[in-house]
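Right, one structure below, let's go through it.
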């Protein structure tokens, strides 16, 4: 079993739609949680950290459920520019290595 | 504009050759990690350096090795290249303790082994 598993993609949605991505992680001792965004043939960029209390950044809302070892990302009012691959990332271990999911591709169409 | 720079951006090598990839960390960052991202996959952790010492390693064979220099720049060396080594190689840096708040990635080196 992979340490971080994500919804298989791609998600094809119209502009203005709400889309949700899910992610599960296997190591209950994981310390920090993130969503990264990766555009085609570019490097991953930090989208947002994920906190136990849930957090929001504009149209993006992230949730963490430590008991279920589950992370989610909700994107409201999708824009064409949201088209990218979204990577669920967990930090585990004493030296803070990033463990990535395989990513979920989002395509927003007009 | 990323503070982490990698070179070269693209590289083509022949199976069996050796390659060195380079990374300049963001100013003030003393921790650097290297990741391999195969097509359609998420990045996989290769190893991490902190103050010139390797302090963590992923599931990669010894032919993947690295160095970190006093100015915190870093190298990834791969010997005896195999076709499966074709991937995007990413360098990421963080300051002490800041890894818990995310890393800054360079734009990567795309290695093709033929």
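Does the stretch A:69-76 include one or more residues that are surrounded by fewer than 14 Cβ atoms within 10 Å (Cβ to Cβ) and more than 13 Å from chain B (Cβ to nearest Cβ)? Steps first, please.
Our first condition is that a residue be surrounded by fewer than 14 Cβ atoms within 10 Å (Cβ to Cβ); within the stretch A:69-76, this holds for A:70.
The next check asks that each one be more than 13 Å from chain B (Cβ to nearest Cβ); those that pass are A:70.
Yes, the stretch A:69-76 has at least one match.
Please count how many residues of the stretch B:1-54 are modelled with pLDDT under 90 and crowded, with 16+ Cβ neighbours inside 10 Å.
Result for the stretch B:1-54: 6.
Among residues belonging to the stretch A:8-23 that are surrounded by 17 or more Cβ atoms within 10 Å (Cβ to Cβ) and within 14 Å of another protein chain (Cβ to nearest Cβ), point out the one that is nearest to residue A:104 (Cα to Cα).
Within the stretch A:8-23, the first condition is being surrounded by 17 or more Cβ atoms within 10 Å (Cβ to Cβ), and the residues that meet it are A:11, A:13, A:19, A:21, A:23.
Now drop any that are not within 14 Å of another protein chain (Cβ to nearest Cβ), which leaves A:21, A:23.
Numbers: A:21: 8, A:23: 10 Å.
Per the stated criteria, the residue is A:21.
Here is a list: A:33, A:21. Which entry is farther than 21 Å from residue B:108 by Cα, modelled with pLDDT under 95 and not in a loop (DSSP other than H, G, I, E, B)? Before the answer, list the steps.
Working: A:21 fails: modelled with pLDDT under 95.
Testing whether each residue is farther than 21 Å from residue B:108 by Cα, modelled with pLDDT under 95 and not in a loop (DSSP other than H, G, I, E, B) leaves just A:33.
Here is a yes/no grid of residues against (1) over 19 Å from residue B:42 (Cβ atoms); (2) within 14 Å of chain B (Cβ to nearest Cβ); (3) at pLDDT below 95; (4) assigned to a strand (DSSP E or B):
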| position | (1), (2), (3), (4) |
| --- | --- |
| A:63 | yes, no, no, yes |
| A:85 | no, yes, no, yes |
| A:90 | no, yes, yes, yes |
| A:98 | no, yes, yes, yes |
| A:106 | no, no, no, yes |
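(1) under 14 Å from the mean Cα position of the chain (by Cα); (2) facing chain A (nearest Cβ under 10 Å): which one isn't true of residue B:40, the others all being true?
(1)
Give me the residue from the stretch B:76-103 that is within 19 Å of residue A:92 (Cα to Cα) and surrounded by fewer than 20 Cβ atoms within 10 Å (Cβ to Cβ) and, out of that set, modelled with the lowest pLDDT.
The residue in question is B:98.
Within the stretch A:40-59, track down each residue that is within 11 Å of chain B (Cβ to nearest Cβ) and surrounded by fewer than 19 Cβ atoms within 10 Å (Cβ to Cβ).
Once the filter is applied, which keeps residues that are within 11 Å of chain B (Cβ to nearest Cβ) and surrounded by fewer than 19 Cβ atoms within 10 Å (Cβ to Cβ), the stretch A:40-59 yields A:41, A:42, A:45, A:46, A:49.
The values are calculated or read from the model by the stated rules, or taken from the named source; none is laboratory data. These figures come from a predicted structure and were not determined experimentally. Neighbour counts are summed over all protein chains in view; Cβ atoms, including those assigned to glycine, are modelled from backbone coordinates with ideal geometry.
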